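One structure is given below, encoded as structure tokens.
The numbers here are math on the coordinates, done by the rules we state, and not lab data. No experiment lies behind these values; they were computed from the predicted model shown. Cβ placement follows ideal geometry from the backbone for every residue including glycine, while neighbour counts extend to all protein chains displayed.
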Amino acid sequence: MATTEALDPAKAITAIRDARPPATDRFTYLTIVESNLSPEVLPTLNEVLQDAGLTQEIGWDLVYNLVSLPGSSSCLQTIARLGNPREVILKVLETLELLGEEEGYEADDEVETTQEKKKGEVTKTEKFITLMGMLAILHGRIKTKYPSRFLAQTLQTVLGAYEAESEEMTAAVINLVHSLSGKRARPPLPSRKSSVNVVNLDVEGDRGKNAPDPEADDVKEGDGQTEDPDETELQQKLLLSFATCILERYANRNDLAWAGRLVEFYEPERIVPGRKTLMAAFREDEGLLAKDGIVGKLVALIGDLGLKTCSKTFLKHMCEGPLHNNPLAGSEDFESADQVKLSTGGAVCLVAYWVFSSTIFDADHPQPEMNIFPDHYAVLDKFLQDDAHTQIQQSPGTVEALVTVGLWLHSNNFISTNPNTPLTNPTTSPEDPTSDFMRYIHLVTLIALFHPKLHVRNAASTLAGQVLHSDPSDDDRLKVLYDLLENCTFASLKARAIAWLREELISASTAKLHQPTVFSTPQALETVQYVVFPSLNFLVEDTNLEEIIEYLVGNSPFLMQAVNLGLFLWSSPDKWKGVLPTNMDATVRQRWFEPLLETIERAQKESKGADVELGPAEGELAVLKGRLEDLAAKEGFTGGKGV
């Protein structure tokens, strides 16, 4: 290994030059080189390594030590070009595996501001890029009947070491795949200021510098490929599978805001004036622009590898096939392209980008021939059926891509293969809560609850409401609302269900209906009033102040939305008299309004007397009390008597 002690550069250079075989045997010489490694000796070492015979014997054993040494790229390039490619590639892959165990990627701007990059230190990103360049050279040199076996091992190892937060690592991976596929690389990626210069060492004009493979199989000389078309197809499919894995990894590690931007595009009236939009941020921020550019390059790479159309076969595998999270596992034993599968999440991200960029950028991308039911529901259920919370947290980009596709399908009215029939599963009874429609709403609301990004949670909530309202059966829609309000344990989702109820009431009141629906009659509120305004008398009886405050704060979103619905209905009782059940105002006052207001006032008073700090809860309770007092002032609710 390279020594950390101070070396006399002149003596080290002399030792490396004079001890060359036959002056010493190769094992002794290797020890001398390793013990004298420093940036100052690298030019001399590179001269020595021009001896192809010597480099074939010792080059592979220098890779690990050299990659951590500043300025070693020329030596490593020489080793890649002249060393035994089969031995060197194994050492490169071993080094990559060790690299994957190092500390995670640190953004270049953070390195610059904290350390100005310590002199004599090679970053993980720089090591990765150098090794990618070596792999591009080495794969071009290996002459074997089955190059897919080397390729499969390389792709698995690269995927293990790749960190998608790094723009430069991603650029290096794209360069590698272009080189391995024999496709001409596209122009360089747009990049922020960086200390890393991402280059492709395997330039076509430099291939004449490469030594032949000393262990070459009896194959036709040329580009290193066999004449077997099945083997060539297998390699291309491996690269395509790898590219879909990289796309999914990138989407999961970078906030691309596809869903949030689509919502802004489809519903500009919901944009808050004065607040910077996601659309504006991605137009103006250089870092975000770069993310869009990188994804565009990845999608273009996938197209260059043959996936340019959204075929029925592709969609069938994505929607109906098994979930492939690690499609390259065991790929070194694959014998045909049919055995190679694409990353299911990567396929979802690809479709999401196609529809997103076609909508936002007016790009010319294929559009999927699919519907929310059964296609989108099938892939959504496949991803979230086992452990939705864990899947959403671990794969936020893939989950956002699912929401993005759903938003696009709804916007284009691709709801169901049978648009005029109810969306409940025809094989189940209408009361069965396991119907596809009910489950779809449930899965999307889980995303609205658990996704780490607020804009994705909002987009998922929007999608769930849109799909709910799109069911032509008003009975179905009411059943879903009742189920959420009665059985959901999350206050924020119950609050969202009340908002959807209000939207249904407004829609029914403005639509020109040939016949009444449940939402244009008292039936809807009669059905849900006891879950929207449940009895809260138990709060009055509870003497534990902490339990009372915990309930009020934990259910604050739900309670606030219920108050808002009350204000909506009883601010204009004449307008809504057609949907208000008889005496609903009196029953709501008795079982819900009065005990809630009394409990809030008691909590505020007792907390002060007991010198209990409410913290943020104090503000929440004050706002809720204020809204209750607003409701009490409505003549339609209390006859104008107030509190």
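One table, with the values for the structure above:
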{"item": "Local net charge near A622, Cβ-Cβ under 12 Å (Lys/Arg +1, Asp/Glu -1)", "result": "-2"}
{"item": "Rg(Cα) / (2.2 N^0.38 Å) computed for segment 525-567, rounded to two decimals", "result": "1.27"}
{"item": "Residue-count net charge about V340 - beta-carbon cut-off 11 Å; Lys, Arg +1, Asp, Glu -1", "result": "-1"}
{"item": "Net charge of Cβ neighbours under 12 Å - reference C75; Lys, Arg +1; Asp, Glu -1", "result": "0"}
{"item": "Fully extended contour minus Cα-Cα distance, from L454 to E47, at 0.36 nm per residue", "result": "140.8 nm"}
{"item": "At 0.692 mPa s and 37 °C, Stokes diffusion of segment 276-349 via Kirkwood alpha-carbon radius, µm² per second", "result": "223 µm²/s"}
{"item": "Cα-based Rg and Dmax for the chain, where Dmax is the largest Cα-Cα distance (Å)", "result": "32.2, 108"}
{"item": "Nonlocal amide H pairs with S416, under 5 Å, H built at 1.01 Å", "result": "I372, F373"}
{"item": "Cβ charges +1 (Lys, Arg) and -1 (Asp, Glu), total dipole of segment 1-105, debye", "result": "400 debye"}
{"item": "Residue among I79, S68, V92 farthest towards the positive dipole end of segment 53-98, charges placed on Cβ", "result": "I79"}
{"item": "Simple Cβ-charge dipole of the chain, Lys/Arg +1 and Asp/Glu -1, about Cα centre, in debye nearest 20", "result": "1500 debye"}
{"item": "Farthest positive-ward along the chain dipole, Cα basis, beta-carbon charges - from T587, T398, P21", "result": "T587"}
{"item": "Calculated FRET value between N325 and F538, using beta carbons and R₀ = 56 Å, to 0.05", "result": "0.75"}
{"item": "Rounded to the nearest 20 debye, dipole of segment 287-352 from Cβ charges on Lys, Arg, Asp, Glu", "result": "360 debye"}
{"item": "For segment 514-529, Karplus couplings with θ = phi - 60° (6.51, -1.76, 1.60), whole Hz, Gly/Pro x", "result": "6, 8, x, 10, 5, 8, 9, 10, x, 4, 5, 5, 4, 6, 9, 4"}
{"item": "Per-selection Kirkwood Rh - segment 492-587 (Cα, Å, 1 d.p.)", "result": "14.7 Å"}
{"item": "Farthest toward positive dipole pole in the chain [+1 Lys/Arg, -1 Asp/Glu at C-beta], among L621, F242, W408", "result": "W408"}
{"item": "Listed peptides 591-598, 474-481, 448-455 by packing density, highest first (mean Cβ within 10 Å)", "result": "474-481, 591-598, 448-455"}
{"item": "All Cα pairs of segment 426-552, percent lying beyond 27 Å", "result": "27 percent"}
